[in-house]
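Structure record follows, encoded as structure tokens.
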Amino acid sequence: MSQQKCIVIFALVCCFAVLVALIFSAVDIVGEDEDGLTEDNCQKKCRVTLVENIPEGLVYSENATSHLSLYQGWMNLLNMAEKSVDIVSSSWDLCSKNFTQSFQSERQGQYLCEKLKELKSRNIEIKLMSDVQHNTSEVLQDLKRNGVEVQYLNMTAYTEGRLHASFWVVDRKHIYIGSASLDKQSLGQMKELGVILYNCSCLVLDLQRIFALYSSLRFKDNVPQSWSRRLYGLFGKETELELQLNETEVKVFVSNSPKLFCPTDRVLDVDAIYSVIDDAQRFVYIAVMDYLPLVVNKNTIRYWPDIDGKIREALVLRKIKVRLLISCWKDTHPLTFNFVSSLKAICIELPSCSLEAKFFAPKEQKNMSFPKINRNKYMVTDRAAYIGNFDWVGDDFTHNAGAGLVIRETDGWNNRNDTSIIEQLKAVFERDWYSNHARSLLSNKIPDCLKQKLYRSAPNKTANGIADGKDHFTVQ
């Protein structure tokens with residue numbers, strides 16, 4: 001009888017332990033992860049600035065708009081650090097032990113790495129998130145040897161994708177998010193754009209949870225069926241965070257991808273893009289490196305209509321003016337021309353329908369081994385902006401991990417001043433659009449960057465020697 005009692009008591013104790021674990025996983029654990037920050041005591045008056053990397057030799061007119069350099073923006077964040085630096089990056093090719101003095105990007109990368117080591121020597125907590133195993137990266141190995149915490153996210157275990165997220169959180173107060181990764185190309189030949197928000201801990205409170213989500217997965221072989229409440233999104237399309245950015249009233253929220261990584265109340269990146277396009281009243285300007293509404297699996301290709309269909313809806317049903325600025329380079333997919341031409345064709349003989357497309361393709365300089373590429377990933381409208389980590393390619397949104405930031409100004413476009421982040425983004429887009437580096441997409445004329453890649457192979461033969469009638473395109 002006493003043995004049965006012991007079994008019952010043991011079972012009750014086990015049930016109690018499981019119950020306690022479930023309770024703690026279902027409540028917000030505010031403390032070491034969020035430094036006591038809450039929606040009541042966080043900072044809502046923030047300063048914001050755009051940061052850009054403009055490659056050497058990429059020249060604009062003398063009076064063209066310009067912003068803080070990406071390198072200086074990143075260095076400013078590190079100089080401000082007092083407690084912690086958390087960085088998510090898709091690439092870690094930043095430091096060069098034998099850099100050449102003639103390449104400024106290599107020097108800048110070396111300075112940033114040395115700064116990270118210096119901060120760690122002053123007992124500032126540094127966490128780096130990557131899907132690159134540190135034992136395959138000399139940069140991550142070197143930083144790890146100097147005490148930096150390097151966390152590995154095995155993306156292939158969850159989605160067979162990559163970690164494309166690129167954002168920083170410094171001291172739970174300052175944020176960077178944008179197109180640039182911590183590699184020499186981002187400081188060199190790539191044209192990058194991002195945004196830094198200073199003293200904006202309310203937004204940090206939410207973005208930090210995406211970092212915590214990545215961190216929580218590093219010890220798991222699969223995504224949990226339910227997430228802890230402390231990883232839930234705090235702000236979204238219906239519950240936007242109200243802030244002051246440079247004394248302008250705005251509403252903001254952060255988004256995430258893929259859907260597998262979106263806990264309760266977290267907005268998916270595609271839905272964030274939808275909300276910005278749906279909110280536009282006059283125009284939508286899109287600047288991305290690649291535009292390709294396809295999802296390519298191992299042996300299948302399918303049309304991915306999510307964003308492409310939303311643009312068509314805005315053009316035809318709402319008469320929104322759309323401009324699309326994409327890069328034209330050696331890896332541009334040949335079907336890009338077809339999809340962009342299809343968008344343009346919608347507006348033929350349709351009143352008040354306006355779709356313009358240009359390719360950003362600076363002429364290569366002699367003795368340059370790598371072309372200058374516009375790797376921007378943002379959209380700006382008359383009312384809002386979206387700055388993300390993805391090109392507008394189906395694979396990115398369905399398989400890869402990334403984050404985005406939506407900023408919506410509440411005062412209206414006719415009341416803005418020069419400090420408005422929406423006006424600044426619009427000015428950047430128009431600078432690039434009207435520059436001599438952007439070339440219009442002409443009907444029935446394939447851009448030069450695609451000509452050498454687009455060709456039709458001979459049709460396959462069936463067993464009886466008859467052609468299968470299918471077109472076959474090859475990307476070289």
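The values are calculated or read from the model by the stated rules, or taken from the named source; none is laboratory data. Predicted model only: the values in this text are computed from it and were never measured. Note that each Cβ is placed from the backbone with ideal geometry, even for glycine, and that neighbours are counted across all protein chains shown.
Filtered by the rule that a residue be in a strand (DSSP E or B) and either within 30 Å of Ser226 (Cα to Cα) or among the polar types (S, T, N, Q) (or both), region 259-293 gives Val267, Leu268. Within the set of pairs 6 or more residues apart or between chains, which connect a residue that is under 13 Å from Leu205 (Cα atoms) inside region 239-262 to a residue that is assigned to a helix (DSSP H, G or I) with Cβ atoms less than 6 Å apart? Taking only residues 6 or more apart or on different chains, the pairs are Leu241/Cys202; Val254/Asp206; Val254/Leu207.
Look at Ser255 and say whether it is over 22 Å from Phe429 (Cα atoms), modelled with pLDDT under 95, polar (S, T, N, Q) and not in a helix (DSSP H, G or I). Against the criterion (over 22 Å from Phe429 (Cα atoms), modelled with pLDDT under 95, polar (S, T, N, Q) and not in a helix (DSSP H, G or I)), Ser255 does not qualify. Summed over region 295-330, residues that are aliphatic (A, V, I, L, M), at pLDDT 95 or above and surrounded by fewer than 16 Cβ atoms within 10 Å (Cβ to Cβ) total 2. When region 55-70 is limited to residues that are in contact with a Ser or Thr (Cβ under 8 Å, 6 or more places away or on another chain) and under 18 Å from Ser166 (Cβ atoms), the one that is surrounded by the fewest Cβ atoms within 10 Å (Cβ to Cβ) turns out to be Leu68.
Look at region 348-361: where a residue is free of Cβ contacts under 8 Å to residues at least 60 places away in the same chain and a partner is assigned to a strand (DSSP E or B), sitting 6+ places away or on another chain with Cβ atoms under 6 Å, you get Ser354/Lys321; Leu355/Val322.
Looking at region 374-476, the strands (runs of 3 or more DSSP E) lying wholly inside it that each contain 1 or more residues that are modelled with pLDDT of 95 or more and closer than 30 Å to Glu247 by Cβ sit at 377-381, 384-388, 402-409.
Of all the listed residues (Leu292, Leu203, Leu197), the sole one being modelled with pLDDT of 95 or more, closer than 27 Å to Ile311 by Cβ and in contact with a Leu (Cβ under 8 Å, 6 or more places away or on another chain) is Leu292. Do we have any residue at all in region 29-39 that's crowded, with 16+ Cβ neighbours inside 10 Å, of a type outside the set (Lys, Arg) and modelled with pLDDT of 85 or more? The answer is no, given that none of the residues of region 29-39 is crowded, with 16+ Cβ neighbours inside 10 Å, of a type outside the set (Lys, Arg) and modelled with pLDDT of 85 or more. Number of residues in region 190-207 that are within 12 Å of Phe167 (Cβ to Cβ) and over 15 Å from the mean Cα position of the chain (by Cα) equals 4. The set of residues in region 283-322 being among the charged types (D, E, K, R) and more than 21 Å from Ser354 (Cα to Cα) consists of Lys298, Arg302. Taking region 371-402 as the range and being under 19 Å from Gln189 (Cα atoms) and of a type in the set (S, T, N, Q) as the test, the residues that pass are Asn374, Asn376, Asn389.
Quick check on region 285-296. Is at least one of its residues in contact with a Lys or Arg (Cβ under 9 Å, 6 or more places away or on another chain) and within 26 Å of Gln208 (Cβ to Cβ)? Checked against the condition, which is being in contact with a Lys or Arg (Cβ under 9 Å, 6 or more places away or on another chain) and within 26 Å of Gln208 (Cβ to Cβ), region 285-296 yields no hits at all.
Checked against (1) buried (at least 16 other Cβ atoms within 10 Å of the Cβ); (2) closer than 30 Å to Gln281 by Cβ, Leu350 passes all but a single condition, namely (1). May I ask you to verify whether Glu106 is at pLDDT below 80, surrounded by 12 or more Cβ atoms within 10 Å (Cβ to Cβ) and not in a strand (DSSP E or B)? No, not satisfied.
Can you tell me which residue among Glu82, Glu118 is part of a loop (DSSP other than H, G, I, E, B) and at pLDDT 90 or above? Sole residue among the options that is part of a loop (DSSP other than H, G, I, E, B) and at pLDDT 90 or above: Glu82. Checked against (1) surrounded by fewer than 21 Cβ atoms within 10 Å (Cβ to Cβ); (2) under 20 Å from the mean Cα position of the chain (by Cα), Glu238 meets all criteria but (2).
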